[in-house]
Structures are given as structure tokens and as C-alpha cells.
1. Look at residue 349 and say whether it is over 25 Å from residue 398 (Cβ atoms), open to solvent by 10 Å² or more (accessible area, probe 1.4 Å) and out of contact with any Leu (no Cβ under 7 Å at 6 or more places or on another chain).
2. Could you please find all residues in the range 316-342 being open to solvent by 10 Å² or more (accessible area, probe 1.4 Å), touching a Ser or Thr at 6+ places or on another chain (Cβ under 8 Å), modelled with pLDDT of 95 or more and not in a strand (DSSP E or B)?
3. Consider residue 91 carefully, then state whether it is under 15 Å from residue 35 (Cα atoms), open to solvent by 20 Å² or more (accessible area, probe 1.4 Å) and either of a type in the set (S, T, N, Q) or within 34 Å of the chain's Cα centre (by Cα) (or both).
4. Select from the range 398-427 the residues that are modelled with pLDDT under 80 and among the hydrophobic types (A, V, I, L, M, F, W, C) and list them in ascending order.
5. Would you mind stating whether residue 302 is touching an Asp or Glu at 6+ places or on another chain (Cβ under 9 Å), part of a strand (DSSP E or B) and of a type in the set (Lys, Arg)?
6. Looking at (1) in a strand (DSSP E or B); (2) at negative phi; (3) within 24 Å of the chain's Cα centre (by Cα), which is the only condition residue 292 fails?
7. Within the range 211-280, which strands (runs of 3 or more DSSP E) (wholly inside it) include 2 or more residues that are modelled with pLDDT of 95 or more and more than 24 Å from residue 306 (Cβ to Cβ)?
8. Please enumerate the residues belonging to the range 174-187 that are open to solvent by less than 30 Å² (accessible area, probe 1.4 Å) and assigned to a strand (DSSP E or B).
Amino acid sequence: MNRRLFAASSGLLLAAPALAQFRVEISGVGATQLPIAIARFRDEDRTTQSVSAVIKADLERSGLFRSVKADQVIDESAKPNLGDWRGQSADQSADALLAGSVTRLADGRFDVRYKLWDVVKGKELVFANVTAGPAELRLAAHRVADVVYEKLTGEKGVFSTFIAYVTRSGKRYALRVDHADGAGGEVALQSSEAIISPAWSPDGQELAYVTFQDERKAAVFAQNIVTGVRRKLASFPGSNSAPSWAPDGKSLVVTLSRDGGSQLYIIGRNGESPRRLTNSQAIDTEGTFTPDGKQIYFVSDRSGGPQIYRMPASGGAAERVSFTGSYNISPAISPDGRHLAYISRQNGAFKLYVGEIGKLGNAQAITETSDDESPSFAPNSKLIIYATRANGRDTLMTTTLDGKIKGALDANRFPDVREPAWGPFVR
């Protein structure tokens, strides 16, 4: 969701297999990175996918790892002299070593085996395998990267999760679902009408979104990302916008103007039993549940300009929580419930802010760009994806919560890209 959507609620908008990957950019001071050597996997050159290269790119993009040169082929059965990976120059000394192999099975699938060593302690950390069909080999590499990331950081990796976003080319819109590195995805929906506000269901099986396909009128749909089957959730008189799922997946909060101005409503997962939550003379929109489902954060201009509020999920008195300027929109709550990301207008620039819930007076801008939109947290709460403009082009970026490590999606393939939403861990 973005400032364009808030404009829509004001009535302004109502009239109306990729290989692009994120490249990492590191800025600031104190970016500590763990040096890791990732050898080429045996027989990976007999496939269409360099498994070791995908793993290396994933770990580098997290900003927590620095790759040490390892051009040789080493498989999981090797017994490397780990001391050889230490004691060299700082740039060539590794704390961990990953090696493996890719073997085609009789049924056409691939068996990816890998072993991770702690070079410093001189011991084996992981010896495992994952099997995958030819079309799933890249996803298998992401899963290996997740295991390595978790073993070495203690946090779950998000490389095998998915992101959704909207592209526009001429008068055509597309809702895409890609791997978290921005590659290998598919188009979930194409339309000559605008597609906005994609929102993942908690189980990662569906996307809710708003389209104008229904007689050029904004309506909320939900679509299964595997089968493509979709159903209409809200198409009431007036506007229907800004869907967001409850943590249990049984309901959504949406913005409807069926009874006059734009207000928040709860609807069932199939659009049944709409129930009004807010009752103000203002525009109330962009509702989003807290991870425990007990509260809803939303945007309202009841104080004269758009600000972020929260209220009980059952409705009731609202409390203003944003105070960094006169224009704050697009609240996103981290899955661990600790942080709030939002867009704040400061001196004419739209900046991504992040603050600790309960201490939002200390929220800080974490970008250098000035057209930020639509923040969405990774499921491990360690990264945020957002839309912005850089070098004169619309693009998507990822950032750590302190803004020191960013990744930018190659914008050459999609000149107009927006509305990112990071999916949950796949169950």
C-alpha cells in the first residue's frame, strides 16, 4: 500500500520467468560480515542452474556474509584440511566452508547434497540433502542457503520465501510472484486495469488484491497462487480497497465506502458478514493486524492530515502512534511484533521510517531516496522490501532495519514496479 492508495481513498484514483535479481549494496559503518567459502558443487555444471552461485548470492544479499574466493570443486564426501582456509590474509580467510554435489536421479529429479564446516572450530556443522525437479533446482539452492543462514546466525533464513509485486508496461499491469531474490517467478494476473495492494494470506497460498477489472470499479479479490482460482471478496457500492489478512486467515480488514466515507470493515475470508470497525468523519484506511491479532494499525486523517493509529481488532477507541511530521502512512508491523515501518513525508520527500513499537518517538528514516512506498517485512523480521525511485527509475529495494545493508532489484526488466509484499514462511 502506498501514498497513491491514500490518494485513491480521497477519490483521486477511483477514476482510474524473470531473472532480475537483487544486488546488494552495503553502506554505513559497522557492517560485520561472516567470511564463508562456498566451493563449486560437483556436477552442478551438468544442470542449468549453478547451485553454489545461487547460495552465494543469497548469503551475500543478507549482508551478514562475505564470500571468500573458492573456485575449486569440493563435494560433501571430501575431507578438506580446514586449516588451509585459515591463517591466510584477512580477505582470504574463511570462518565457514560449504561444499556439495548435484546428482541426477533415475526419475529425473536432482539430489543436492551438502556439508557445512565450522573452519574456526574445525568441525562439521551440517550434512544434509534436498531433492528437487529440474524446475525446482533454484528453489532447492535457496533452501540450502536457508539452512546455512540459520545454522550460522541462529535466525531463520528467508531465501526460499516469495515476494509479490505489481509491474506496469504501457497500459498492461501484471501481478508477479517471484522468489525472494527477485528471480524465477511467474505472472499471477495480467490486466489492462490497475492492480494494487497485494496481501499474502498467512499460509502463503493466496493473495488478496484490488483490481479495477469489474466494470472499472475497485473490487477486492483473493487468488490461489498455485491454481490461479480466484474469488471476489468485496465489490460493494463505492470503493473497496486495502485488504489485509488476519493472522488466523479467517478474515480480512478492508476499506469500504459503502456507507459514505472510507471506513474500516472486517469481512470473512470469502467476503461474508462485513462488519464496520471505524465510525469517523475522516478517511480511515490501510488497516493491518498486529501478529497476535489483538490490534489493528491504520491510517486516518482525523487529526487533519494522515497519521497512523491503532485500535482493538474488535473496534473501539483509536490511539495515534505516529508523530514524525504531518504525513505518515503505510504502516507495516514486523512479524515478531517489535517494529513498525511506515512512510513519512519530510520536507517534501517520502522516506521509509522504522521504529520500535512502544518507542515510536525514536523512529528513524533509513533510506537516502525520496519516493519510498509500500514497506513490507520479511517473515524473519530482519529485512524490509519497499518500492522507491532510484536513478530515475521505479525499483524495489530491500534493507536491513538499520538501513546499512540494501539490495536493489535490477530495474532494467521492469521500468515501472511497485506494491511489493513479502510472503510468509511456507508451511
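1. Answer is no for this residue.
2. 318, 327, 335, 336, 337, 338, listed by residue number.
3. Numbers: under 15 Å from residue 35 (Cα atoms): yes; open to solvent by 20 Å² or more (accessible area, probe 1.4 Å): yes; either of a type in the set (S, T, N, Q) or within 34 Å of the chain's Cα centre (by Cα) (or both): yes.
Yes.
4. First, pick out the residues of the range 398-427 that are modelled with pLDDT under 80: 409-415, 426-427.
Result: 409, 411, 414, 426.
5. On the way: touching an Asp or Glu at 6+ places or on another chain (Cβ under 9 Å): yes; part of a strand (DSSP E or B): no; of a type in the set (Lys, Arg): yes.
No; evaluated as a whole, the condition is false for this residue.
6. Among (1) in a strand (DSSP E or B); (2) at negative phi; (3) within 24 Å of the chain's Cα centre (by Cα), the lone unmet condition for residue 292 is (1).
7. Working: elements: 217-224, 230-234, 240-245, 251-256, 263-268.
Those strands (runs of 3 or more DSSP E) span 217-224, 230-234.
8. Step one: of the range 174-187, the residues open to solvent by less than 30 Å² (accessible area, probe 1.4 Å) are 174-183, 185.
Result: 174, 175, 176, 177, 178, 179.
The values are calculated or read from the model by the stated rules, or taken from the named source; none is laboratory data. Note that this is a predicted model, so its numbers are computed, not measured. Cβ: placed from backbone, ideal geometry, glycine included. Neighbour counts: every protein chain shown. For accessibility, only protein heavy atoms count, side chains too; no ligands or nucleic acids. Shrake-Rupley method; radii C 1.70, N 1.55, O 1.52, S 1.80 Å.
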